[in-house]
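Each remark here refers to the structure printed beneath this line.
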Amino acid sequence: MKIISIKFKNINSFRGEHYVSFDTPEIRQQGIFTITGATGAGKTTILDAITVALYNKVSRHGKETEHILSRHTTDCSSEVVFESSGEQYRSVWSCYMSNPRKEDKQPEAKWNMDLYHLTGNEPTRAIASKHTAVPVKIEEIVKLSYDQFTRSVLLAQG
């Protein structure tokens, strides 16, 4: 599996839209890279954006993915383009609060996920939808469960 790019919005302290490309000549030549930076720079947020888009999970919060929503925002999203076995895919995850945070109500999070198979000149087609079906299909494509992925592809700090 090779991660090509990440696009995310309102995740953790990263408000607004952000884009990271791992498809640069330097990375293609080396084939491996590290994400480094000072404490609080957002390294783990990038890892969260990757895992939530692929598996609807983040290691810091378990299944409660709405906790990655930036403060004072009502929606967030993450999109990962990746390659596996010579084929390209795009996994898109989004979450929004169905009722704004109010003193008398707990906010309710609604999730959506779609997985697209990207092919040459053909139109993009969804091969899985829903936040329960996409992680299963991802696991089938990359041959790694969430736990295997976080132990072998994403080697987080600690």
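So, for the range 1-81, what is the accessible surface per residue at a probe of 1.4 Å, expressed in square angstrom?
Values: 4440 Å² over 81 residues.
Normalised by residue count, the accessible surface of the range 1-81 is 55 Å².
Across the range 107-150 the C-alpha pair distances fall into 10 Å bins from zero in the proportions 25, 42, 27, 5, 0 percent. Taking each residue as 0.36 nm, the span from Ser5 to Glu83 lengthens on full extension beyond its C-alpha to C-alpha distance by 27.1 nm.
The values are calculated or read from the model by the stated rules, or taken from the named source; none is laboratory data. Nothing here was measured: the structure is a model prediction, and the numbers come from that model. Areas reflect the complete protein model, heavy atoms only, side chains present, ligands, DNA and RNA absent. Shrake-Rupley method; radii C 1.70, N 1.55, O 1.52, S 1.80 Å.
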